[in-house]
Structures are given as structure tokens and as C-alpha cells.
Amino acid sequence: MNALKLPFEFDIDVIKKELSQFSKTDYQDIYNSSVALETLWLIHFIEPIIGKDGLPVFLPNDTLKKCPYLLSIFEMFQCQVETFRIHTLDAGASIQKHRDTGYSFEQGKIRLHIPVQTNNEVEMLVDDTKIPMKVGECWYCNFNVEHEVKNNSNQARVHIIIDCLVNEWLKHVFNQANSKN
């Protein structure tokens, strides 16, 4: 399975309102060899602390605490979340074909996308198949296979990205989604 729409819907108007408090200077440029510099931006919403067992636990940072709805999204995931961030891909920019090794359900670590701003001219291709993501939806993609993004539009593509470790709760969510598709 290379992509699966999960059974969650989010209020994009509320998310956009919360994100409107941040300016371009609050975002960091992402250095990634598959992306041109200064075309992909992010804001991190969680940070690691060392837990009792010596392993990192990721908790909301001050930025996320300013965003109650986004915080509620983070808290609804009943699994270990290792990344919770906003990604903005500028208009006309693209992310070249690449693999995020180890990011597949079968390998126990997944990456989810919640589109906040997108349109039909933005293409998310996983194994050369276009994934029809709509705003407010939540999508799993197998990023262990080749994938790319082409923002052929005149507006930025904005996604919430969440990296999670697979547990029984996530297995149940995936089973629910598979039964609906």
C-alpha cells in the first residue's frame, strides 16, 4: 500500500487562522538535496526531552502552545509522535524524486500529511502515482518508495507533517481506513 486516506477531517479555517500569527521570518529554510534552497520552509511544533527510560519524548513547544487547535490535533494521536511541523513549498518549486528510508507502515514508522493549502496543480507523486490530497484530509504515504512533489501552481503548498511510530492505535486507524476504501 503506497497511500491511504485516514478517517480524520480537520477544520482548515481554524488551522489557517492559527498559522496567520506567524510571518515568513518564523519559518526556517530546509536544507535538503532534493529541494532548491529557500523554496521549502518549516516551523517545528514539538521538541524532544529525555524520558525516564533515557529515550526522547516529544512534547509541544511554545509555538504549538500558541495554537490550541493544532495542539488538539497533536494530542489526538495516541501513539509516539516524533515530528509535528508545518511545511511550506513555494509556488513553482518542486521536491525531486527521493526516498525517506524506513518511512513505511510495514517498517513501523509513518509520515502523515494534512494539506492546509493546496490545489489541483500541486502533484504529490508516490511511486509515480498522483495522490489526490484535499485540504483538511489526513493521508499516509509510503515514503520508503520513490516520491516527489511538483508545485505547478502560483501559490504555496502548505502541509502539516506528522511522523509517528506504529502502535496498536495506529493499526486500528489503518484498519478503519482500509474498510472504508
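The values are calculated or read from the model by the stated rules, or taken from the named source; none is laboratory data. The structure presented is a predicted model; accordingly, all values stated were derived computationally and were not measured. No Cβ is skipped: glycine too gets one built from the backbone with ideal geometry, and neighbour counts run over all protein chains shown. These accessible areas exclude ligands, DNA and RNA; they are computed on the full protein's heavy atoms, side chains included. Shrake-Rupley method; radii C 1.70, N 1.55, O 1.52, S 1.80 Å.
In terms of packing, defined here as the mean over residues of other Cβ atoms within 10 angstrom, the peptides 82-89, 161-168 line up highest first as 82-89, 161-168.
Where only protein heavy atoms count, and the probe is 1.4 Å, what is the accessible area per residue for the chain in Å²?
Working: 9190 Å² over 181 residues.
Spelled out: the 1.4 Å probe surface of the chain, per residue, equals 51 Å².
To the nearest 500 deg cm²/dmol, what mean residue ellipticity at 222 nm is calculated for the chain from DSSP H runs of n ≥ 4 alone, each contributing -39,500 (n - 2.57), summed and divided by the residues? If you can, show how the numbers build up before the last one.
Working: 4 runs with 34 residues, N = 181.
About -5000 deg cm²/dmol.
What's the carbon and sulfur percent of the stretch 41-178's accessible surface, probe 1.4 angstrom, rounded to a whole number? Please list the in-between numbers first.
On the way: 3070 of 6340 Å².
Looking at the stretch 41-178 in its full context, I get 48 percent from C and S.
Placing a label point 7 Å from the Cα of D128 along the Cα-to-Cβ line, the residues of the stretch 1-19 whose backbone N sits under 18 Å from it are 1-3. Taking a straight line from the alpha carbon of K134, these lysines sit under 21 Å away, with near neighbours fewer than eight places off in the same chain left out: K5, K16, K17, K150, K180. Per-residue packing, averaged as other Cβ atoms within 10 Å, sorts the ranges 104-112, 5-13 into the order 104-112, 5-13, beginning with the highest.
Set the Förster radius R0 to 45 Å, insert the Cβ-Cβ distance between T25 and K180 as r into 1/(1 + (r/R0)^6), and round the FRET efficiency to 0.05. All intermediate terms of the calculation are to be shown ahead of the outcome.
Details: r = 41 Å, r/R0 = 0.92.
For T25 and K180, the calculated efficiency is 0.60.
In percent, rounded to a whole number, the relative contact order of the stretch 32-181 is 28, using alpha-carbon pairs under 8 Å and six or more apart. Charge dipole (Cα centre; +1 on Lys/Arg Cβ, -1 on Asp/Glu Cβ; no other charges) of the stretch 128-167 amounts to roughly 200 debye. What the Cα convex hull of the chain gives, in volume per residue, is 124 Å³.
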